[in-house]
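Read through the structure below, which is laid out as structure tokens, and then see the notes.
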Amino acid sequence: MENYINNFRLNIGIIHMEYLFLPLILFELLGDFTLYKGSRKDEYIYILYAIIIYSINIIIYFYLLKYYKNLAIVNGIWQGLMLFMITMISIFYFKDEFEYNHIMGLMFIFIGIFLLNYKS
């Protein structure tokens, strides 16, 4: 019974742990934008919102570390995907322009994320 409970905690039911990177990134983006908005309006209630959002992020990060058992892999995947999301927001929302070397750098990040996820 204890083995089943530990397996359930590790896999969180039917959710594959790899899919937890998406909410991890989305909650971090939401927390960042919440703090940014609060700093522009000088309203301190946004700090409380950000603490709640980042607390959820900590729980998700904990389960990813428990699954992967390697800080470098989890952090590498997280930061690579986060950089990609920030880049997409800056291209499509802020209309920033990127040069060839920036696009090549993003391609290398994708290759790195693939290699970090690859299990032989």
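The values are calculated or read from the model by the stated rules, or taken from the named source; none is laboratory data. Predicted model only: the values in this text are computed from it and were never measured. Because the Cβ atoms are built from the backbone with ideal geometry, glycine has one as well, and the counts that use them run over all protein chains shown.
Things to note:
- Within region 93-103, none of the residues are closer than 18 Å to Y19 by Cβ, modelled with pLDDT of 85 or more and not hydrophobic (A, V, I, L, M, F, W, C).
- Scanning region 73-109 for residues that are exposed (fewer than 13 other Cβ atoms within 10 Å of the Cβ), of a type in the set (F, W, Y) and in a helix (DSSP H, G or I) gives F92, Y100, F108.
- Just one of the numbered conditions (1) touching a helix residue (DSSP H, G or I) at 6+ places or on another chain (Cβ under 7 Å); (2) surrounded by fewer than 11 Cβ atoms within 10 Å (Cβ to Cβ) is not true of E28: (2).
- Filtering region 1-25 to residues that are at pLDDT below 85 and touching a helix residue (DSSP H, G or I) at 6+ places or on another chain (Cβ under 9 Å) leaves R9, L10, N11, I12, M17, E18.
- Among residues of region 47-72 being touching a residue at least 40 places away in the same chain (Cβ under 8 Å) and surrounded by 16 or more Cβ atoms within 10 Å (Cβ to Cβ), the one that is nearest to L115 (Cα to Cα) is Y68.
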